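What follows is a set of notes on a single structure, which appears directly below.
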Amino acid sequence: MNLHSTYHNDINLISVGDARIDSSVAIRFKDLMRTLTETGPDHVILDLSSVTFIDSSGLGAVVGALKQLPSGKRLDLAGLTRDVANVFRLTRMDTVFTIHPDAAHCLSRAAG
């Protein structure tokens, strides 16, 4: 599982470098998210623009990453591909997360 974290002012942008978040990487994903969000900015954006497939285990890992955030932190999603967006919509997780069209859009809104 390849996650890359960069700080942009008061935002921790975490980019997923893999095309899939599924049962084979779900636990590793959640563990890495915990490590990358323990410290740093309170606003975390998870950029999923490289992810073309997510299964129920992957969805559970994203929700788990939200639940394990330290108090006061928030997790937004950005760059959902069509298939990934459909999974979030069908499971109504699109009502749980704030979803941005892409990371650049979210960063520019935060800066302005």
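Pair-distance distribution P(r) for the chain, from all Cα-Cα distances in 10 Å bins starting at 0: 15, 53, 30, 2 percent. Extension gain for Thr35-His4 works out to 10.0 nm (0.36 nm per residue, less the C-alpha to C-alpha distance).
Overall, the chain carries a charge dipole of about 220 debye about its Cα centre when +1 sits on the Cβ of Lys and Arg and -1 on the Cβ of Asp and Glu, all other atoms neutral. In the elastic network of the chain, a GNM with C-alpha springs shorter than 10 Å, the most mobile of Ser71, Ser50, Ser15 is Ser71.
Of the trypsin sites (Lys or Arg not before Pro) found in the range 1-100, those that fall in a DSSP loop while having at most 10 other beta-carbon atoms within 10 Å are Arg92. Considering helices alone, the calculated mean residue ellipticity of the chain at 222 nm is -11000 deg cm²/dmol, with DSSP H runs of length four and up weighted by -39500 (n - 2.57) and normalised per residue. Projecting the Cα positions of Leu69, Thr37, Thr95 onto the charge dipole of the chain (unit charges on Cβ atoms of Lys, Arg, Asp and Glu, taken about the Cα centre) puts Thr95 furthest along the positive direction.
Applying the Karplus relation 6.51 cos²θ - 1.76 cosθ + 1.60 with θ = phi - 60° to the range 51-57 yields 3J(HN,Hα) values of 8, 9, 8, 9, 9, 4, 5 Hz, where x marks Gly and Pro. Backbone amide hydrogens, once placed in the peptide plane, bring Asp18 within less than 5 Å of Asn2, excluding anything fewer than 5 places away on its chain. Amide H contacts for His100 (H built 1.01 Å from N in the peptide plane; partners 5 or more residues away or on another chain; cut-off under 5 Å): Leu77, Ala78, Gly79.
None of the figures in this text is laboratory data; all of them are computed from the coordinates on show. In this text the structure is predicted, and so the values were computed from the model without any measurement. Glycine also receives a Cβ, built like all others from the backbone with ideal geometry; neighbour counts cover every protein chain displayed.
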